[in-house]
Amino acid sequence: MKIKLIGFVIFALFFNFLNAQEKIALENTTQIGIYEHLDTLMSNDIYLVDMDSNKVQLTSLIDKPTVFCFIYYNCPGLCSPLLGGVADVINKADLTLGEDYQVITISMNPDDYPSLGMKKKDNYVKSFTKEVNDDAWIWLTGDSLNIARASDNLGFKFKREGKDFVHAAAIMVTSPEGKVTRYLHGTYFLPFDLKMAIVEASQGISGPTINKVLEFCFSYDPQGKKYVFNITKISGSIIMALALLLFLVLAFKKKKPKSEQ
């Protein structure tokens, strides 16, 4: 009877722990992620800085289907795979960068500066195995206000934590008129998916994303009040699992019969 009671308590604690962790994760990632703003027009009030340190109106750059991505230059997580995925699909797609479409990369970090972006861009351009008009891959920085305007316009929600940023990975596509038409999530993109997104954008056709599985750069640690690799949740799960294992051992262990007098 005591063993059953102990088992019930362990199970109750285990499920309560998982529910609490899920609730915390949901509460703290509600405003972080990708929120699709299909058919929304890009605002004329967004001014960013190009790699020549010139202030430019973002909408003035959009004259063809445009792929947007948000990164920051010292990101230790998803930004490098995302940029690698963008470079890879540019290289593989049956499209001509600069003619069929362009790419605009925006740093979410207001402390980033144009020359650092130029160095990073060169590294990815060197990976191309076909001739590409790399001028059509535009890298922009800006102040926090204009970065926020651009990210809000495109539905890209992120949060700063110290020197790092909590964010998801995706690319957003707009029409030549600056209308948001498509979202592709993740860090790897199929050439066919990009081609279809560009063709639809050129016609002003928008459509919802079927696969909305998001990857996040960090997870939230409620103990440390910051987004980190969530060792708290992992260690807690291990402890609860060990407790459950102990219960099973006790429940199935047979008592040795007393020796007859």
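The table below lists the values:
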item: Qualifying GluC sites (Glu not before Pro) in segment 66-173, DSSP loop, other Cβ atoms within 10 Å at most 16; result: Glu99, Glu131
item: Neighbour-limited loop hits for trypsin sites (Lys or Arg not before Pro), segment 81-172 (at most 13 other Cβ within 10 Å; DSSP other than H, G, I, E, B); result: Lys126, Lys130, Lys163
item: Gyration tensor (Cα) of segment 33-215, equivalent ellipsoid semi-axes in angstrom; result: 21, 19, 17
item: Alpha-carbon centroid distance for the pair segment 66-109 / segment 166-187, whole angstrom; result: 11 Å
item: Highest to lowest packing among 100-106, 35-41, scored as the average C-beta count within 10 Å; result: 100-106, 35-41
item: Point-to-point label distance, Asp100-Ser127, nm (Cα→Cβ direction, 7 Å offset); result: 1.9 nm
item: Selected from Tyr124, Cys79, Asn91, residue furthest toward positive end of dipole (segment 33-215; charges at beta carbon); result: Cys79
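No lab work stands behind these numbers, since they all come straight from the coordinates. Everything numeric in this text was worked out from a predicted model, so none of it was measured. Cβ atoms come from the backbone with ideal geometry, glycine included; neighbour counts cover every protein chain shown.
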